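**Student:** Here it is: the structure, laid out below.
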Amino acid sequence: MGAQKTLLRSELPGLPYLKSGKVRDMYDLGDALLIVVTDRISAFDVVLPNAIPHKGRVLNGLSAFWFRFLEKKIRHHMIADDVRKMPEPVRRHADVLDGRSMLVRKVTPFPVECVVRGYLAGSGWKDYRASGAVCGIKLPPGLRESERFPEPLFTPSTKADVGHDENISFDRMVAILGRETAETLRRMSIDIYKAAADHARSRGIILCDTKFEFGSANGEIILIDEALTPDSSRFWPQEGYEPGKAQPSFDKQFVRDYLESIKWNKAPPAPLLPEEIVQKTAQRYLDAYRLITGTALAG
């Protein structure tokens, strides 16, 4: 089956459309959901007009890889990522869905995102410089940008369909979910972060930070959404890593840097990206997939 090169928005006649996020389109199949991962890209919480070739297939393939890698530690929501193993109404759209779709269990999502930070970077670095803390967690003075923490930090946030997620304290998470569930999610998040970071390190990649989402099904906690992709995580090349400065990353940094350089006001409508930026970004996603999984993305 040949996957389409790019897909900005799925149109699947005969399948009941449910909703769309910044990157994913969802369809309700009754007792399961179909998640279609498009090639849309967002920056500063605005979806851009360009598609990034291969991006959806990279995100879908990496999530499937990590779900399988972690399944001895935690159950996940993936039923199938091979369109040939999905229901017949889905298989009719194989030309669109091949490599970029996942059939998943329906669960009740917890209304928090579970963020784990292994290194001092991004908003955490800004927070630390301003307050000496990251998301309210006090840290020793004198830490450098991109420095590794002795132990990963757990910094939960609210989930926002539109706009920014909001960092919350662990006590606030306890108030939302109850202590037992909050403590279980914290323990699980750190545990699977460490397992993923160890694998990434063996592949020459540093897993700086990531966010997980979980849900509940029949009283069981399930890992859902995407897992450890360049859209939900910050991956750095191990080669050349040096604390005290920002690190190159396997994500949309080329896009962010370009948009900053043209002084875009970060409000819709977003500008069209030059082809060079599109291709460089696509290559970073492909590189991440190849290094983490050990195989190049086919097609």
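The values are calculated or read from the model by the stated rules, or taken from the named source; none is laboratory data. Please read all numbers here as calculations on a predicted model, not as lab measurements. Every residue, glycine among them, receives a Cβ derived from its backbone with ideal geometry; neighbour counts consider all protein chains shown. Surface accessibility is based on the protein's heavy atoms, side chains included, excluding ligands, DNA and RNA. Shrake-Rupley method; radii C 1.70, N 1.55, O 1.52, S 1.80 Å.
**Student:** Could we say that Pro230 is in contact with a strand residue (DSSP E or B) (Cβ under 9 Å, 6 or more places away or on another chain), assigned to a loop (DSSP other than H, G, I, E, B) and in contact (Cβ under 8 Å) with a residue 24 or more places away in the chain here?
**Tutor:** no
**Student:** Restricting to the stretch 121-146, name every residue that is buried (at least 16 other Cβ atoms within 10 Å of the Cβ) and in contact with a strand residue (DSSP E or B) (Cβ under 7 Å, 6 or more places away or on another chain).
**Tutor:** Answer for the stretch 121-146, where residues must be buried (at least 16 other Cβ atoms within 10 Å of the Cβ) and in contact with a strand residue (DSSP E or B) (Cβ under 7 Å, 6 or more places away or on another chain): Ala121, Gly122, Gly124, Asp127, Tyr128, Val134, Cys135, Ile137, Leu139, Ser146.
**Student:** To continue, here is another question. Just name the residue that is most open to solvent (accessible area, probe 1.4 Å) out of those in the stretch 32-60 that are β-branched (Val, Ile, Thr) and touching a Lys or Arg at 6+ places or on another chain (Cβ under 7 Å). Explain how you work it out, then say what you get.
**Tutor:** If we filter the stretch 32-60 for residues that are β-branched (Val, Ile, Thr), which is where we start, we get 35-38, 41, 46-47, 52, 58.
If we keep only those that are touching a Lys or Arg at 6+ places or on another chain (Cβ under 7 Å) too, we end up with 35-38, 41, 46-47.
Working: Ile35: 16, Val36: 0, Val37: 4, Thr38: 0, Ile41: 0, Val46: 16, Val47: 62 Å².
Out of the qualifying residues, it is Val47.
**Student:** I've got another one for you. Has the stretch 228-243 got any residue that is at positive phi, surrounded by 12 or more Cβ atoms within 10 Å (Cβ to Cβ) and not hydroxyl-bearing (Ser, Thr, Tyr)?
**Tutor:** Yes, there is a match, as at least one residue in the stretch 228-243 is at positive phi, surrounded by 12 or more Cβ atoms within 10 Å (Cβ to Cβ) and not hydroxyl-bearing (Ser, Thr, Tyr).
**Student:** To continue, here is another question. How about the stretch 61-74: which of its residues are surrounded by fewer than 24 Cβ atoms within 10 Å (Cβ to Cβ) and touching a Ser or Thr at 6+ places or on another chain (Cβ under 8 Å)? Don't jump to the end; show me each part of the working.
**Tutor:** Quick first cut of the stretch 61-74, residues surrounded by fewer than 24 Cβ atoms within 10 Å (Cβ to Cβ) only: 61, 64-65, 67-74.
Result: Gly61, Phe65.
**Student:** Next up: Please give the strands (runs of 3 or more DSSP E) falling wholly within the stretch 73-171 in which 3 or more residues are free of Cβ contacts under 8 Å to residues at least 24 places away in the same chain and under 25 Å from Arg9 (Cα atoms).
**Tutor:** Numbers: elements: 78-80, 101-105, 112-119, 148-154.
Here the list is empty.
**Student:** Considering each of Arg172, Arg186 in turn, give the residue that is basic (Lys, Arg) and in contact with a strand residue (DSSP E or B) (Cβ under 8 Å, 6 or more places away or on another chain).
**Tutor:** One residue alone meets the criteria, Arg186.
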